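Reviewing the structure listed below.
The values are calculated or read from the model by the stated rules, or taken from the named source; none is laboratory data. From a predicted model like this one, the values you see are computed outputs, not experimental measurements. Here the Cβ positions follow ideal geometry from the backbone for every residue, glycine too, while neighbour counts run over all protein chains shown. When the accessible area is computed, the model is the full protein with side chains, heavy atoms only, and any ligands, DNA or RNA have been set aside. Shrake-Rupley method; radii C 1.70, N 1.55, O 1.52, S 1.80 Å.
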Amino acid sequence: MKIGEALRKKRLKLGLTQEQMCEGILSRPFYAKVESDKNRINAESLFQILLEHQIDLVEFCDLIQDDYTLEERKVEKQFETKMNQAVSAKDTEALDKYCQQIMNSSNNEILKLRALITLTYFKGKTDKIDVEIRKKIKAEFDEGNNWLERPDLLRLLVNTMPMWPQDELDFFIGRLLDFANKSELSELTTERYLRLLENYLVVCYDRKVHKQLTHFDHIDDVMEYIINATGSFHLMIYRIEVFYMKALFLDQKDKTKEIRQDLGVLGYKNFIASWSE
């Protein structure tokens, strides 16, 4: 959907005339041509209109993203979605298929690395990852790459966690927690961090880090951060998963079973299919 068409859709939903929609920002004749895709609107005027009428920016971007996203990125996003669905369903065969498609058709090197490591992990072969691949991934997390704020590198860290030695992984998580606690993060960035930190807990549980009493880790710090950051209902599932992971770490099998059953009754059975047991 083009920007003009999206503006018209939002205007009609709000019950506004074109004059009311652009008043004090653009002339009505100019705005009318924006809606009909005959005039281009600058970013400042667009945001003034959206903010003036309290139009959700994320919703608006969802409406227009297909028309303004490069074709290659659309294909990559489709592959990412399919890959994530295969991971959630623990469908190794489908994961293999989609990862191979990414490796063969994408020019995005970071996406290729994510696909390769994810597939290797689900096949239980992380110890066989080529040394040069490891070096290539490690280079991406140089401080000069600003990895703490780049969505593509945060996703890469999520997917490559199983290949990192625990001390290096703990270093990255420590840096991330320090940054998150000192920064005012948007809800979108917060959710990216929450996904990453939840994955850290899973990796630690799979490695039985919590049973290695001499090992320094960030398990408790991560749980505390997630609980503090999930006050909004939108993020509540991350808080539930923390309580689930805490029960796993404490070997409270009755508690984990109860949480899974409750979420299943609420219709989240497929969503939690990939949760550790």
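Share of the stretch 1-120's accessible area from carbon and sulfur, percent, 1.4 Å? Intermediate results must be reported in sequence, preceding the final value.
Numbers: 3550 of 7350 Å².
The value for the stretch 1-120 is 48 percent carbon and sulfur by accessible area.
Quick one: compute the contact order of the stretch 225-277, relative version, from alpha carbon pairs under 8 angstrom and 6+ residues apart, as a percent. Could the numbers behind the result be given before it?
Numbers: 21 pairs, mean separation 11.7, N = 53.
It rounds to 22 percent for the stretch 225-277.
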Item to check | Cα-projected label distance for Arg40 with Gln65, points at 7 Å along beta-carbon direction, nm | outcome: 2.4
Item to check | Dipole axis of the stretch 167-252 (+1 Lys, Arg; -1 Asp, Glu on Cβ), positive-most option in Ile237, Thr190, Leu176 | outcome: Ile237
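Please compute the contact order of the chain in relative form: average sequence separation of alpha-carbon pairs under 8 Å and at least six residues apart, divided by the residue count, as a percent.
Numbers: 195 pairs, mean separation 35.7, N = 277.
So the answer I get is 13 percent.
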Item to check | Charge dipole magnitude, Cβ of K and R +1, D and E -1 - the stretch 95-249, Cα centre, debye nearest 20 | outcome: 620
Item to check | In the stretch 12-42, the trypsin sites (Lys or Arg not before Pro) that fall in loop regions by DSSP, at most 13 other Cβ within 10 Å | outcome: Lys38, Arg40
Checklist entry - Name the chymotrypsin sites (Phe, Trp or Tyr not before Pro) in the stretch 39-125 that are in a loop by DSSP and that have at most 16 other C-beta atoms within 10 Å, would you? => result none
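What value, in deg cm²/dmol to 500, does the helix sum -39500 (n - 2.57) over DSSP H runs of n ≥ 4 give at 222 nm once divided by the residues of the chain?
Working: 15 runs with 188 residues, N = 277.
Here the helix-only value at 222 nm equals -21500 deg cm²/dmol.
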Next on the checklist: Expected output is a single nm value to one decimal: the length gained when fully extending between Lys253 and Gln101, i.e. 0.36 nm times separation in residues minus the C-alpha distance. What is it?
Outcome noted: 50.8 nm
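What do the square roots of 5 times the Cα gyration tensor eigenvalues come to for the chain, in whole Å, largest first, as semi-axes of the equivalent ellipsoid?
Numbers: eigenvalues 319, 108, 73 Å².
Those come to 40, 23, 19 Å.
Which value results for Rg/Rh of the stretch 57-136 when Rg is the Cα radius of gyration and Rh the Kirkwood radius based on the inverse mean 1/r?
1.05
So which GluC sites (Glu not before Pro) in the stretch 172-243 pass both tests, a DSSP loop state and at most 15 other Cβ atoms within 10 Å of the Cβ? Each step should come with its number before you reach the end.
Details: sites: Glu184, Glu187, Glu191, Glu198, Glu224, Glu241; in loops: Glu184.
For GluC sites (Glu not before Pro) across the stretch 172-243 that sit outside H, G, I, E and B with at most 15 neighbouring Cβ atoms in 10 Å, the list reads Glu184.
Tell me, what is the per residue accessible area of the stretch 43-176 in Å², probe radius 1.4 Å? Display every interim value, and only then the final one.
On the way: 7520 Å² over 134 residues.
Computed with neighbouring chains in place, this is 56 Å² per residue.
Counting only protein heavy atoms and using a 1.4 Å probe, what share of the accessible area of the stretch 135-210 belongs to carbon plus sulfur, as a whole percent? Please report the intermediate quantities before stating the final value.
On the way: 1670 of 3460 Å².
Summing carbon and sulfur atoms, their accessible area is 48 percent of the total for the stretch 135-210.
Using the crude model of +1 on Lys and Arg Cβ and -1 on Asp and Glu Cβ, and no other charge, please compute the dipole size for the chain relative to its Cα centre, in debye to 20.
Working: 41 positive and 47 negative charges, 145 e Å.
Computed charge dipole of the chain: roughly 700 debye.
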